[in-house]
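Student: One structure, as structure tokens, below. Some questions next.
The values are calculated or read from the model by the stated rules, or taken from the named source; none is laboratory data. Quick caveat, the model's predicted, so the values are computed rather than measured. Note: ideal-geometry Cβ built from the backbone for every residue, glycine included; neighbour counts use all protein chains shown.
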Amino acid sequence: DPQQQLQTQSEQQQPVQLSLPKPSGRYLRVRIADQERSPDDRVAYVVETRVLDQEATPQELRDLLGSHALQTCRYYSDFDLLRGFLELKYPDCLIPPLPDKLSSYAPWKIAGQKFDQDFLDNRRFGLELFINRVLCHRRLSLCQQVVSFLRHDSEWRLRVFTPAIGQQLDAAISARSAAFRLRSPLPAVATMRTNAAAVRAAVQAVAKAYEQLVARHYRIHRLHSTLGGILSDWCGLEEDPAFADALQTAGHYMDVYASGADSAVGEDDELLNRLREAAGFCDSVAGLCRRLELKILKAEQLEDAIAAKRDEKRRVETDSYGLSLRGLRTRLFGAQDAEQKRAALYQLETDISQLEAGLATARRSLDAGSASVDSEMADFQAQRRVDLGRLVALLCEMRAEKLHRACRIWAHSRDTFARV
């Protein structure tokens, strides 16, 4: 019976359920339940937090949570500010990436729509991934500002975005594009950056190819929708009942195939979001390498400053300034007296002591940062293999399932078209 086959085929047309697990925090689980449009044309996200195990949660985290309601509204700019704050406070940690703020063009969407519902849903999913990955981290999950971000705290932004933090964020943005050369770069940092760039290029190539494939299949779905409409209209013009019934059945099969377009696009959007997140993590690795290089640069600048001060001290002790402005002044007006020389040497020794203390602190920070980065990268690479393996396997599985559905529809409709 064609109608029974059509009903069976419609049941088989149910979307494939994504089996990619969503990350969950060590002690907390965050869900962005909804999004709402504020009066000033901004999108606010309703963030709900649930404690996974009250007894296993550390006491310091329970004290931070307090009795506040674990539901609040946050904007995208709040998530962006939180990420910038974490980069400043934890420069040795791999901070998860944020989803794109603006919609990117896709053949099945209208470009430039700020409040496109599909884009907002994808961004909400990406923000939920971001905050849960932060809560998975052993250090970031215990940050006071992260917990305050999850509480109903209206003054959170005022406490975080202080003038000092604003200046540091501006300096960090400028440092990302600054060009400098290190005397003694770490080979491990160069290797990490090269590997991250290679993985990012590979992930972007997969995402681009998959997006083109999705666009092609979307056009095929729409073509079947048009064909189904033509066959349905044609059957109304035919007087022969058998011929009209065959046309109507063929049109139903085309409509069944076309009806899976929206659900297929939703599934593909989620997979593409995961691929974009993987590419964003590669950018986070590059940012981590950049912050480590800035620590090396700071140590080298302190070494140069100490060398310059020691050279100046030697010149003061020997009164040999060479062809400099101070040397010319010494020749014209005579050398400094003993008291002035003693004061200058004391000031130089004080400056050298302060610079050496700063250099020792910078080297300790660099050593600790290098060890922390090694640990972060080991955890990241282990998790990346699992996530990318599952993602690619699911991607292939979903495409194969969709092709099988198309083959089944056309296999059932072959006899119908033979009748036509």
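Student: Report yes if LEU227 is among the aliphatic types (A, V, I, L, M), surrounded by fewer than 19 Cβ atoms within 10 Å (Cβ to Cβ) and either assigned to a helix (DSSP H, G or I) or in contact with a Phe, Trp or Tyr (Cβ under 9 Å, 6 or more places away or on another chain) (or both), otherwise no.
Tutor: Yes.
Student: Among (1) crowded, with 16+ Cβ neighbours inside 10 Å; (2) among the aliphatic types (A, V, I, L, M); (3) modelled with pLDDT of 85 or more; (4) touching an Asp or Glu at 6+ places or on another chain (Cβ under 7 Å), which single condition is LEU182 missing?
Tutor: Going through (1) crowded, with 16+ Cβ neighbours inside 10 Å; (2) among the aliphatic types (A, V, I, L, M); (3) modelled with pLDDT of 85 or more; (4) touching an Asp or Glu at 6+ places or on another chain (Cβ under 7 Å) one by one, LEU182 breaks only (1).
Student: Another one. All but one of (1) at pLDDT 80 or above; (2) surrounded by fewer than 14 Cβ atoms within 10 Å (Cβ to Cβ); (3) in a helix (DSSP H, G or I) hold for GLN145; state the number of the condition that does not hold.
Tutor: (2)
Student: Confirm whether ASP268 is surrounded by fewer than 18 Cβ atoms within 10 Å (Cβ to Cβ) and either of a type outside the set (S, T, N, Q) or out of contact with any Phe, Trp or Tyr (no Cβ under 6 Å at 6 or more places or on another chain) (or both).
Tutor: So ASP268 does not fit the description; no.
Student: Within 37 Å of the chain's Cα centre (by Cα), touching a residue at least 40 places away in the same chain (Cβ under 8 Å) and buried (at least 19 other Cβ atoms within 10 Å of the Cβ): is that true of LEU302 in this structure?
Tutor: So LEU302 passes the test.
Student: Also, I was wondering about something else. Looking at segment 200-219, is at least one residue part of a helix (DSSP H, G or I) and either within 19 Å of HIS412 (Cα to Cα) or in the same structural domain as LEU82 (by TED's automatic domain parsing) (or both)?
Tutor: No, because not a single residue in segment 200-219 is part of a helix (DSSP H, G or I) and either within 19 Å of HIS412 (Cα to Cα) or in the same structural domain as LEU82 (by TED's automatic domain parsing) (or both).
Student: Going by what's in this entry, would ASP233 be described as farther than 20 Å from ILE409 by Cα, free of Cβ contacts under 8 Å to residues at least 40 places away in the same chain, of a type in the set (D, E, K, R) and assigned by TED's automatic domain parsing to the domain that holds LYS402?
Tutor: yes
Student: Follow-up. Would you confirm whether any residue within segment 169-177 is more than 30 Å from VAL420 (Cβ to Cβ), surrounded by 15 or more Cβ atoms within 10 Å (Cβ to Cβ) and of a type outside the set (Asp, Glu)?
Tutor: Within segment 169-177, one or more residues are more than 30 Å from VAL420 (Cβ to Cβ), surrounded by 15 or more Cβ atoms within 10 Å (Cβ to Cβ) and of a type outside the set (Asp, Glu).
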